[in-house]
Amino acid sequence: MPALVFPDMPLVSPVTGRALAHDTPHSLAAPGERWPVVDGIPYLRVDSEGLAAVALDHLDAGCPDDALVALLTDQDAWWTGPATDLTELKRLVRERDTLSLREAMALLRLGPVADYFAYRWSDPTYLAGLALLETHGSAPGSAFELACGIGHYLRELTRRGTECLGADVVFAKCWLAKKWVAPDARYVVFDAAAPWPIADARFDLVMCHDAFYFLPDQPRVAARLRAARTAGGTLAISHLHNAGHAAGAMGPALSAAGWAALFLDARVYDERVLLDALMTCATPTPSGWTEDPSVEAWSLVEGAGAPRPVVKGLALPPAEATLRRNPLIDADGAVHWPSPRYHAEYGGGCYWAMATDARPFAANDVRLRRLVDLPERW
């Protein structure tokens with residue numbers, strides 16, 4: 001029998017607000033409602049009660065793998081990629097203990113999103129996010145990440161002893177995180193725009209990386225993120241697109257004034273400054289909300305202390321990590337981008353892909369991410 005989910009953190013219904021409790025090891029219930037728990041991940045999406053009911057039917061019939069296949073078909077409302085294939089999903093579930101992360105994402109038909117997740121370990125957006133956490137880090141005892149994807153940041157935090165909860169609207173992403181990337185974190189699936197099921201839980205670090213810009217009802221989500229902090233806790237949000245960027249925004253965006261209306265009291269960074277601080281062991285200097293067309297994206301913190309140099313900590317792999325050559329660099333040193341789209345979005349900030357004499361500073365191969373710390377079954 002699996003352990004009860006979140007024994008120290010009660011969940012509530014996103015529909016009624018009533019406290020949820022296990023009526024079986026594979027389901028949470030309140031009067032008049034039940035929700036499935038598959039592979040230890042509660043599925044609490046509103047407006048998806050039909051899919052939840054299908055999963056519950058399979059679970060009640062003693063067929064957890066069929067319930068897993070059902071939830072792996074789900075996607076977010078803005079997904080424009082191909083639909084999943086049941087034959088491929090059944091193979092994924094059947095062979096989940098031997099497949100690589102990339103094979104799993106291929107069977108989920110994640111397309112360009114799979115490239116984003118597979119090579120995020122060295123993309124400049126991710127590294128700037130690590131630098132943001134490191135420059136304002138204080139060894140949080142607990143952390144919550146909204147729109148956690150497949151758990152890149154949760155992996156770094158849990159390996160350093162932080163108790164983590166990741167949330168995403170897509171079950172498959174949380175499942176990939178738990179099986180391949182950050183198994184020591186806990187996960188829950190819910191909609192950011194609906195009432196949150198985490199009730200009164202509070203965390204030392206609350207974060208949302210490379211995702212806030214596409215969330216609905218952003219003022220309400222920002223307020224909920226703030227409310228999830230402990231007294232003295234930190235809110236960290238990275239990669240908010242600049243609508244005034246000279247080359248055009250790579251996703252939903254606001255102007256500096258638009259973001260300032262949501263985060264007026266935040267300490268704000270040009271993302272490039274964070275990345276450079278990681279490369280040079282420097283202390284990043286906040287930029288504030290400036291209408292600067294050269295800024296592609298901003299990152300911010302609220303409730304944090306003064307910045308410090310980005311020397312080690314989250315910004316670098318743990319001492320015991322096994323490092324491998326960046327998979328986008330072949331044995332002869334040539335760079336092979338996974339797609340033109342990926343190159344267009346991330347190539348300009350990938351210092352590891354530049355010739356040594358073209359970089360604006362000298363950094364070792366670990367900071368550059370010419371050597372990377374990949375999951376064991378990457």
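DSSP assigns beta bridges within the chain; of those with both partners inside it, close to 50 percent run antiparallel. Seen from all directions on average, the stretch 34-80 presents a Cα convex hull projection of 3.3 nm².
For the residues ARG341, ARG102, ARG272, a GNM of the chain with alpha-carbon springs under 10 Å puts the largest fluctuation on ARG341. Its Cα centre serving as origin, the stretch 91-180 has a Cβ charge dipole (Lys and Arg +1, Asp and Glu -1) of approximately 340 debye. Using the Cβ of CYS208 as centre and a radius below 13 Å, the other residues enclosed give a net charge of -1, where K and R count +1 and D and E count -1. Average accessible surface for the chain: 41 Å² per residue, computed with a 1.4 Å probe over protein heavy atoms with every protein chain in place. Say we join alpha carbon atoms closer than 10 Å with springs in a Gaussian network model of the chain; which of ALA147, ALA319, ALA304 then has the biggest fluctuation? Looking only at ALA147, ALA319, ALA304, the largest GNM fluctuation is found for ALA319.
The modelled label-to-label distance between THR280 and HIS336, using points 7 Å beyond Cα along the C-beta direction, is 3.5 nm. Dividing the radius of gyration of the alpha carbons in the stretch 272-378 by their Kirkwood radius gives 0.98 for Rg/Rh. Placing a pseudo-label 7 Å from each Cα along the Cα-to-Cβ vector at ALA77 and THR98 gives an inter-label distance of 4.1 nm. Pick out, from GLN218, LEU127, PHE361, the residue whose Cα sits farthest towards the positive end of the charge dipole of the chain, with +1 on the Cβ of Lys and Arg and -1 on the Cβ of Asp and Glu. Of the options given, the answer is PHE361.
Count Lys and Arg as plus one, Asp and Glu as minus one, and take only other residues whose Cβ is under 15 Å from that of ALA193; the net charge is then -2. With Cα atoms as the point set, the radius of gyration and Dmax of the chain evaluate to 20.5, 66 Å. Mean residue ellipticity at 222 nm, helices only, the chain: -7500 deg cm²/dmol; runs of at least 4 DSSP H residues each add -39,500 (n - 2.57), and the sum is divided by the number of residues. The magnitude of the dipole of the stretch 223-355, with charges of +1 and -1 set on the Cβ of Lys/Arg and Asp/Glu and taken from the Cα centre, is near 460 debye. Between GLU320 and LEU86, full extension at 0.36 nm per residue minus the direct alpha carbon distance yields a gain of 80.3 nm. With N the number of residues in the stretch 1-128, Rg(Cα) / (2.2 N^0.38 Å) evaluates to 1.19.
Over the Cα atoms of the stretch 197-267, the radius of gyration divided by the Kirkwood radius equals 1.00; this is the Rg/Rh ratio. For the stretch 63-130, the Kirkwood estimate of hydrodynamic radius, built from reciprocal distances between every pair of different alpha carbons, is 13.3 Å.
Atom-type composition of the exposed protein surface of the stretch 31-177 places 52 percent of the accessible area on carbon and sulfur (1.4 angstrom probe).
Summarising the label geometry, the points placed 7 Å from Cα in the beta-carbon direction at ALA194 and ARG220 lie 1.2 nm from one another. When only Cα pairs below 8 angstrom with a gap of at least 6 residues are kept, the stretch 75-211 shows a relative contact order of 22 percent.
All distinct Cα pairs of the stretch 115-242 go into the 1/r average, and the inverse of that average, the Kirkwood radius, is 14.5 Å. For the chain, the longest principal axis of the C-alpha atoms and the axis of helix 218-227 are separated by about 80°. Find how much the distance from SER294 to GLU49 grows on full extension, using 0.36 nm per residue of separation minus their present alpha carbon separation; answer in nm with one decimal. Gain in length upon complete extension: 83.7 nm. Count Lys and Arg as plus one, Asp and Glu as minus one, and take only other residues whose Cβ is under 12 Å from that of VAL268; the net charge is then -4. Under conditions of 4 °C and 1.567 mPa s, the stretch 281-323 yields 97 µm² s⁻¹ as its translational diffusion coefficient, taking Rh as the Kirkwood radius over Cα pairs in the Stokes-Einstein equation.
For the chain, a crude dipole built from +1 on the beta carbon of Lys and Arg and -1 on the beta carbon of Asp and Glu, taken about the Cα centre, is about 600 debye to the nearest 20.
The values are calculated or read from the model by the stated rules, or taken from the named source; none is laboratory data. Just so we're clear, the structure is a prediction, and the values are computed from it rather than from any experiment. Every residue, glycine among them, receives a Cβ derived from its backbone with ideal geometry; neighbour counts consider all protein chains shown. SASA here: full protein model, heavy atoms, side chains in, ligands and nucleic acids out. Shrake-Rupley method; radii C 1.70, N 1.55, O 1.52, S 1.80 Å.
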